[in-house]
Amino acid sequence: MPLVTSTEMFKKAYEGQYAIGAFNVNNMEIIQGIVDAAKLENSPLILQVSAGARKYAKHIYLMKLVEAAVEDTGLPICLHLDHGEDFEICKSCVDGGFTSVMIDGSKHSFEDNIELTKRVVDYAHNKGVVVEAELGKLAGVEDSIKVAAKDATYTDPDQAVEFVERTGVDSLAIAIGTSHGAYKFKGKPELDFARLEKISNLLPNFPLVLHGASTVLPEFVALCNEYGGKLDGAQGVPEDMLLQAGKFGVCKINIDTDLRLAMTASVRKYLANNPADFDPRQYLKPARQAIQDMVSHKIRNVLNSSNRL
């Protein structure tokens, strides 16, 4: 089975009121853990690659790893570029075999964002590739993306309609209170569901996307801290809020920080308990299992995408 786009995935997700996990990948063990979980859960799956991951692992290596995952599992997998910052990287990924790309023009003015997004859409659609864009700014840090809390802006519902109509984009990442990274809320975490519902009502049958949606599970924070981390006070979006978002047109939920925490906690624990061991296979094997367990948990309890194939 070849790589697929997210078009049919999102159609089914919207109708079924669930979301599909878009999991960031950097290396073989992370990919294996994610796809093994999706296979076990019989869940649709998006693997996504940031510009930083693409630079770290190299495009061709990631492509071959994802192709191997498709051949090994038989899963319909969508390969997505996460936070493409300009036309050139989107074009490179389209030409290089990705089936979905994100152009993130959120740092630009509304009109410039539309112009950039439309250019990517025209090119990608001509090659059979779908496009995600972003309107609004999320606070937090992810790779080279750094937005201070004071500079974050929620998505304007009316602008969202105009943006989609003028660009022809296939999905839209919106800002309703999530944030990148293992960040700290000031007080109780909240998502603006009234805003989300309004956007969904104005854009019926249109797939919305949530970035910065890791929940930063306390057990992995505790494990990291126990073995040398400094993540006291880190917290993410409560899982029940993310589950609820799937009922308001959110068809794709991005998950990265939770994967990093699960893997790092596992590696730190193993090396602390086995200081004489220098075989990478020995500490990467439980790390891969930690990724699989994390993704299975997300699929069942956050995305509600089990048994949707």
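The values are calculated or read from the model by the stated rules, or taken from the named source; none is laboratory data. In this text, all values refer to a predicted model and were calculated from it rather than measured experimentally. Ideal geometry is used to build each Cβ from the backbone, glycine not excepted, and the neighbour counts take in all protein chains shown. Surface areas here come from the heavy atoms of the whole protein model, side chains and all, with no ligands, DNA or RNA. Shrake-Rupley method; radii C 1.70, N 1.55, O 1.52, S 1.80 Å.
Listed values, structure above:
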{"read-out": "Near pairs, Cβ below 6 angstrom, 6+ apart or cross-chain, from segment 286-309 (closer than 17 Å to Thr264 by Cα and hydrophobic (A, V, I, L, M, F, W, C)) to any residue that is open to solvent by less than 10 Å² (accessible area, probe 1.4 Å) and modelled with pLDDT of 95 or more", "value": "Ile291/Gly33; Val295/Ile34; Val295/Ala37"}
{"read-out": "Given (1) modelled with pLDDT under 65; (2) out of contact with any Ser or Thr (no Cβ under 9 Å at 6 or more places or on another chain), number of the condition Gly177 does not satisfy", "value": "(1)"}
{"read-out": "Subset of segment 216-244 (residues that are open to solvent by less than 10 Å² (accessible area, probe 1.4 Å) and at pLDDT 65 or above)", "value": "Gly236, Val237, Leu242"}
{"read-out": "Residue identified as modelled with pLDDT of 95 or more, open to solvent by less than 70 Å² (accessible area, probe 1.4 Å) and not in a helix (DSSP H, G or I) among Val120, Val131, Val161", "value": "Val131"}
{"read-out": "Residue among Gly21, Gly33 that alone is touching a helix residue (DSSP H, G or I) at 6+ places or on another chain (Cβ under 7 Å) and closer than 29 Å to Phe248 by Cβ", "value": "Gly21"}
{"read-out": "Residue match in segment 140-151 (condition: at pLDDT 70 or above and in contact with a helix residue (DSSP H, G or I) (Cβ under 7 Å, 6 or more places away or on another chain))", "value": "no"}
{"read-out": "Segment 88-107 residues that are on the phi > 0 side of the Ramachandran plot and in contact (Cβ under 8 Å) with a residue 40 or more places away in the chain, paired with ones that are buried (at least 24 other Cβ atoms within 10 Å of the Cβ) and of a type outside the set (Asp, Glu) (beta carbon under 9 Å, 6 or more apart)", "value": "Gly97/Leu79"}
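Conditions tested, residue by residue: (1) under 18 Å from Ile20 (Cβ atoms); (2) surrounded by 18 or more Cβ atoms within 10 Å (Cβ to Cβ).
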position: Gly246; (1), (2): yes, yes
position: Val250; (1), (2): yes, yes
position: Thr264; (1), (2): no, yes
position: Ile291; (1), (2): yes, yes
position: Ser296; (1), (2): yes, yes
position: Asn307; (1), (2): yes, no
